[in-house]
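Heads up: the structure comes next, in structure tokens.
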Amino acid sequence: MFKKALLVSTLALAIGASGTATAKDMVFTSWGGTTQDAQKQAWAEPFTKDSGVNVVQDGPTDYGKIKAMVEAGSVNWDVVDVEFDYAVQAGEAGLLEKLDFSIIDRSSLDPRFVTDYSVGSFYYSFVIGFNPAAYGDKGPKTWADLFDTKSFPGKRAFYKWSAPGVIEAALLADGVPADKLYPLDLDRAFAKLDTIKDDIIWWSGGAQSQQLLASSETPLGMFWNGRLAALQQDGMDVGVSWDQNITAADALVIPKGAKNKDAAMRFLAIAASAQGQATFATLSGYAPTNVKSGELMDAKVRKTLPDAQQASQVNTDMAYWAKNRDAIGKRWYAWQAQ
């Protein structure tokens, strides 16, 4: 937290409606909506019960804010849920605390989703979602279908930020084989995106993506699988295609200079534990990053998660994205603004 003299005013601005932090609090920042609700239930509540430390919820995650806080030496976020490629990049850039694996059990974590500075939050897929009322039993199945505005009319929902997923989907839709995606052919990807640019409505967070589909503002689009699962749990009829589902992961990190670092390490120990990951996966529809979590989950639930949809699964190259995120992002946002 900030120095004591500035504590009340600064945190009131930073946390807003989430509550007021005290000396016995730590701040957890994520993306909001049903995902953060599940994180609160699966991780924050057990952590508070075990430690007595209250977890104040904040969000949404903002990479520019992390960098600004660290550089100013005024960090008021303790644990943050970020995209995994950002976690790799930020760790190398000195923006994150090195994790204490004498507290966090690294031995049971999927090695794909752990670094010295991060542990996997969850493993998810970008999938095609659609409203069956708009297309009946002939809904879109492939990424090529998502780019076919004649056969599948209507606005499309796509993720706004420059992150793994959209570029890969465009290339797959244009016929690039899954095993030939990297290095990404950006010229080809942007040319493909140009063909539907006027038909895209961008979503910047999971809750917004759900609203777009539920309201039929976009009868089809690209979504995080867990957000569609949440709509289905609420009783909405949602069509989902797992064909060439594009996988990625989120990570949990501690910004460099976090004032509640010890509590944050203990929070990560619970979040990354077999039970913590199993509970979150059951609530969210995302896959666990602890290899022992499956033993603690209902077999029927396991079959609905991304790690059970591997027949045509496409795994994003997180190392490639970590190295090229900034360059791709610059071009991405310039293209959106055109």
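The values are calculated or read from the model by the stated rules, or taken from the named source; none is laboratory data. This one's a predicted model, so the numbers in the text were calculated from it and none came from an experiment. A quick note on method: Cβ atoms are made from the backbone with ideal geometry, for glycine too, and the neighbour counts reach across all protein chains shown.
Among what's in segment 146-181 and is without any contact (Cβ under 8 Å) to a residue 40 or more places away in the chain and over 27 Å from Arg325 (Cβ atoms), pick the residue that is surrounded by the fewest Cβ atoms within 10 Å (Cβ to Cβ).
Residue satisfying both the conditions and the ranking: Lys150.
Any residue that is closer than 22 Å to Lys330 by Cβ, in a helix (DSSP H, G or I) and either in the same structural domain as Thr149 (by TED's automatic domain parsing) or at pLDDT below 95 (or both) - is there at least one of those in segment 197-210? Yes, segment 197-210 has at least one match. If the condition is being surrounded by 15 or more Cβ atoms within 10 Å (Cβ to Cβ) and of a type in the set (Asp, Glu), then segment 291-338 contributes Asp307, Asp317. Restricted to segment 269-338, the set of helices (runs of 4 or more DSSP H) holding at least 2 residues that are of a type in the set (Gly, Ala, Ser) and either touching a Ser or Thr at 6+ places or on another chain (Cβ under 9 Å) or in the same structural domain as Lys180 (by TED's automatic domain parsing) (or both) comprises 274-284.
Taking segment 2-52 only, how many residues are on the phi > 0 side of the Ramachandran plot and at pLDDT below 90?
So the answer is 4.
When segment 34-86 is filtered for residues that are in a loop (DSSP other than H, G, I, E, B), touching a helix residue (DSSP H, G or I) at 6+ places or on another chain (Cβ under 7 Å) and small (Gly, Ala, Ser), only Gly59 remains. Filtering Asp58, Asp50, Asp62 for residues that are closer than 18 Å to Ala272 by Cα and among the acidic types (Asp, Glu) leaves a single hit, Asp50. Would you confirm whether or not segment 289-309 contains a residue that is at pLDDT 95 or above and touching a Phe, Trp or Tyr at 6+ places or on another chain (Cβ under 7 Å)? Yes, some residue in segment 289-309 is at pLDDT 95 or above and touching a Phe, Trp or Tyr at 6+ places or on another chain (Cβ under 7 Å).
Between Asp81, Asp85, Asp58, Asp110, the distinction of being surrounded by 15 or more Cβ atoms within 10 Å (Cβ to Cβ), touching a strand residue (DSSP E or B) at 6+ places or on another chain (Cβ under 9 Å), at pLDDT below 95 and within 23 Å of Gly206 (Cα to Cα) belongs to Asp85 only.
Of all residues in segment 138-195, those that are at pLDDT below 95 and in a helix (DSSP H, G or I) total 0. Quick check on Val238: is it out of contact with any Asp or Glu (no Cβ under 6 Å at 6 or more places or on another chain) and farther than 17 Å from Pro140 by Cβ? So Val238 fails the test. Six or more apart or on different chains, Cβ under 7 Å: which pairs go from a residue in segment 222-244 that's of a type in the set (Asp, Glu) to one that's surrounded by fewer than 23 Cβ atoms within 10 Å (Cβ to Cβ)? Could you list them? From residues that are of a type in the set (Asp, Glu), the pairs are Asp237/Pro132; Asp243/Lys141; Asp243/Thr142; Asp243/Ser312. Of all residues in segment 249-269, those being closer than 15 Å to Leu109 by Cα and surrounded by fewer than 22 Cβ atoms within 10 Å (Cβ to Cβ) number 1.
Note on segment 231-253: residues that are among the aliphatic types (A, V, I, L, M), under 15 Å from Tyr286 (Cα atoms) and not in a strand (DSSP E or B) total 1.
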